[in-house]
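Have a look at the structure below before the remarks.
Values in this text are rule-based calculations from the coordinates and carry no lab data. Nothing here was measured: the structure is a model prediction, and the numbers come from that model. Here Cβ is always computed from backbone atoms with ideal geometry, including for glycine, and neighbour counts include all displayed protein chains.
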Amino acid sequence: MTRIVVPYAGADGKSRLGAKRAELSAAMLADVLAVATSVGETWVVSPEPVDGATWIRDPGGGQGAAVEAALREIGPGPALVVNSDLPTLTAADLRALDDAIPERGIAIAPAGDGTTNALGLSDTSLFAPLYGPGSAARFRAHVEQVADVNRPGLRDDVDTPADLVHV
């Protein structure tokens, strides 16, 4: 069974979305969780509990620390890590990410700006907290076996009002 971790910053995330950021973030999370839970067992790592998936408390310290905490809790084995700001994500996107994972490596779904929207890990031990500007390149350099997955549902994240219009 596919295991999926979704990091979610909560109401304080997505500050570039303006006054409606809490509502927009929650709506995008709901969309991502609806898809993720249709594909596999799903955990959300966030500051507060959310409906729709098993909750793991965010330890603070950013997205990398949140994902590390979640992966420690779910234990060894394959897993997907999928950002919560992918409103056009589909089950086929998650299956493609899962299918692309090399036997002893990672699959990366980069965002258009060079950050990372999703990871497929052959084992949770392969994760390193490399998020931020240019993270897709850092994740590629982190392991020997890497596959890129370029699908609109995994690529088109929403960080700004212009992104929202685009999707």
_Cβ-based charge dipole, segment 1-120, positive-most Cα from A109, I4, T54_ = A109
_Note, ³J(HN,Hα) from phi for segment 131-140, Karplus 6.51, -1.76, 1.60, rounded to Hz, x at Gly and Pro_ = 5, x, x, x, 5, 4, 5, 5, 5, 4
*May I ask for the equivalent-ellipsoid semi-axes of segment 31-76, computed as the square root of five times each C-alpha gyration tensor eigenvalue and listed largest first in whole Å?*
18, 12, 9
*Could you tell me how many degrees, from 0 to 90 and to the nearest 10, lie between the Cα long axis of helix 91-100 and the main elongation axis, the longest principal axis, of the Cα atoms of the chain?*
30 degrees
*Of [x] 43, 29, 29; [y] 38, 38, 29; [z] 51, 33, 28, which is the value of Cα extents along the principal axes in Å derived from the coordinates here?*
[x]
*When the dipole is taken about the Cα centre of the chain, and only Lys, Arg (+1) and Asp, Glu (-1) are charged at their Cβ, what size is it in debye, to the nearest 20?*
180 debye
*asked:* I'd like the orientation of helix 21-39 relative to the chain: the angle between its Cα long axis and the longest Cα principal axis, in ° from 0 to 90, rounded to 10.
replied: 40 degrees
*Using the number of other C-beta atoms within 10 angstrom as an exposure proxy, rank D51, D58, D31 with the fewest first.*
D51, D31, D58
*To the nearest 0.05, what FRET efficiency results for A26 and E103 with a Förster distance of 25 Å applied to their C-beta separation?*
0.10
*asked:* Compute the helix-to-body angle for 63-74: its Cα long axis versus the longest principal axis of the chain, expressed 0 to 90° and rounded to tens.
replied: 60 degrees
*Cut-off of 10 Å, at most 11 other beta carbons, DSSP loop: longest stretch of the chain lacking such GluC sites (Glu not before Pro)*: 1-102
_Unit charges at the beta carbon, dipole of the chain: most positive-side option, A91, Q63, P133_ = P133
*Which far-off residues, 5 or more places away or on another chain, put their amide H under 5 Å from the one on G77, with H placed in the peptide plane?*
T124, S125
*Which cross-chain or sequence-distant (5 or more) residues have an amide H under 5 Å from the amide H of W55, H modelled 1.01 Å from N in plane?*
V44
*asked:* List the residues, sorted by chain then number, that are 5 or more residues from G132 or on another chain and whose placed amide H is less than 5 Å from its amide H.
replied: T116
*Relative contact order of the chain, pairs being alpha-carbon contacts under 8 Å that are 6 or more residues apart, as %*: 23 percent
